[in-house]
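The values are calculated or read from the model by the stated rules, or taken from the named source; none is laboratory data. Predicted model only: the values in this text are computed from it and were never measured. All Cβ positions, glycine included, derive from the backbone under ideal geometry; neighbour counts span all protein chains shown. The protein model used for the area step is the full one, side chains on, heavy atoms only, and it has no ligands, DNA or RNA in it. Shrake-Rupley method; radii C 1.70, N 1.55, O 1.52, S 1.80 Å.
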Amino acid sequence: MSDTHAAARPIDGKAFAQGLIDRVTAAVARMKAAHGIVPGLAVVIVGEDPASQVYVRNKGERTLAAGMRSDTHRLPESTTQAELLALIAELNADTGIHGILVQLPLPAAIDANAVLDAISPDKDVDGFHVVNAGRLAVGQPGLVPCTPLGSIMLLKDALGDLSGLHAVVVGRSNIVGKPMAQLLLAQNCTVTVAHSRSRDLPGLCRQADILVAAVGRPEMIRGDWIKPGATVIDVGINRVPSSDPVKAAEGRTRLVGDVAYAEAARVAGAITPVPGGVGPMTIACLLANTYVAACRTLGVAAEDLAPASAD
Ligand code: GUN
């Protein structure tokens, strides 16, 4: 690595996400005009986690702004699993609701897997239901988790055909790492899934034409782990103390990814920044999934939401 290397092209996820939201908004308006149907998204939050409260408020506002119905169900921390399952059964049966999202994390007393698997797979806009994980694994149409879906859209936009490229996914979560690996396989990549127990993680990363970082460890992936010219997708959103010691002492924070951005940008060909990379794609894909779920329920063809320039 040298400081004279041309800087990587930043991948503008914020702009791409806005384009996707605009296409969803237009498709929703046409659906309303043609069929009199408004897609509906129900978001369920249990407890008072402040970060979750912010996410849920944001999801509600963005859903309404896209011309869809938004219902937010705020339940107390003391909610039992049976009460939550009863609400999900109601939402499954509600024909005005096409998407259901249960905000995670749930209180420790509730079995999150049991709750996620109680959501009708056809309304599972998070794509977390075991049936949707299975559909993705075998290549059947289903609902795909939003963050990996947004990441693959950014990759296709940046690189075009991904066939034959070696993709290394660092992280094996059900929410990001595993579905990301499936999506990359479906694009004909050669896929390596690495994780905290992998031997020689830097060496594995150095083989990657496409490096996807989804480990949740601030700036763990260093510049010298990156193959020159590689495309880097940083899924991490980590809050760390401000780099200014005075501000840090006041408790001020900043967001960083799982990749040491400044170092990586000197080596990579293209890289998603944090914030403004993958993050904005997650909510855009949630809106897209809600529209797609509504189309499938109604038996109408979903409009193609890919940008005009995509293949
Ligand atoms: N909590 C943090 N991110 C997510 C997400 O994408 N979906 C859900 N349901 N909960 C979350």
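Odds and ends about this structure:
- Between segment 190-248 and segment 55-111, the Cα center-to-center distance that results, in Å: 32
- Gained length - residue 65 relative to residue 83, 0.36 nm times residue gap less alpha-carbon distance: 3.5 nm
- Within the shell of other residues whose beta carbon sits under 10 angstrom from the beta carbon of residue 141, the net charge comes to +2, with Lys and Arg scored +1 and Asp and Glu -1.
- Helix-derived mean residue ellipticity, 222 nm - over the chain, DSSP H n ≥ 4, -39500 (n - 2.57), to 500: -12500 deg cm²/dmol
- For the chain, share of DSSP beta bridges that run antiparallel, in % to the nearest 5: 10
- Here the convex hull built on the C-alpha positions of segment 168-311 has a volume of 148 cubic angstrom per residue.
- Taken per residue, the accessible surface of segment 32-145 reaches 47 Å², heavy atoms only and a 1.4 Å probe.
- In summary, the chain shows an alpha-carbon radius of gyration equal to 1.02 times the 2.2 N^0.38 Å reference for compact globular proteins.
- In the chain, the sites counted are trypsin sites (Lys or Arg not before Pro) in DSSP loop states with at most 12 other Cβ atoms within 10 Å, and the longest stretch holding none of them, exclusive of the sites, is 1-196.
- Extension gain, residue 188 to residue 74: 0.36 nm times the residue separation minus the Cα-Cα distance gives 36.9 nm.
- Computed from the Kirkwood radius of its Cα pairs, the Stokes-Einstein diffusion coefficient for segment 233-308 at 37 °C and 0.692 mPa s stands at 214 µm²/s.
- Across segment 138-203, the mean sequence separation of Cα contacts (distance under 8 Å, 6 or more residues apart), normalised by length, yields a relative contact order of 34 percent.
- Altogether, the Stokes-Einstein calculation at 4 °C and 1.567 mPa s, with the Kirkwood radius of segment 162-247 over Cα pairs as Rh, returns a diffusion coefficient of 96 µm²/s.
- Kirkwood Rh, angstrom, segment 114-226 [1 / mean 1/r, Cα pairs]: 14.7
- The eigenvalues of the Cα gyration tensor, multiplied by 5 and square-rooted, give segment 1-144 an equivalent ellipsoid with semi-axes of 29, 22, 17 Å from largest to smallest.
- When the charge dipole of the chain is built from unit charges on Cβ atoms (+1 for Lys and Arg, -1 for Asp and Glu) and taken about the Cα centre, the candidate among 121, 45, 213 whose Cα reaches farthest toward its positive end is 213.
- Charged neighbours of residue 21, selected by a Cβ distance under 11 Å, balance to +2 (K, R count +1; D, E count -1).
- Projected onto planes of every orientation and averaged, the convex hull of the alpha-carbon atoms in segment 56-118 covers 4.4 nm².
- For segment 195-243, the C-alpha radius of gyration sits at 1.18 times the compact-globule guess of 2.2 N^0.38 Å, with N the residue count.
- Other residues lying with their Cβ under 15 Å from the Cβ of residue 60 contribute a combined charge of +3, Lys and Arg counting +1, Asp and Glu -1.
- Filter on 156/247; 14/123; 59/227; 156/227 - keep pairs with C-alpha separation over 29 Å: 156/247; 59/227
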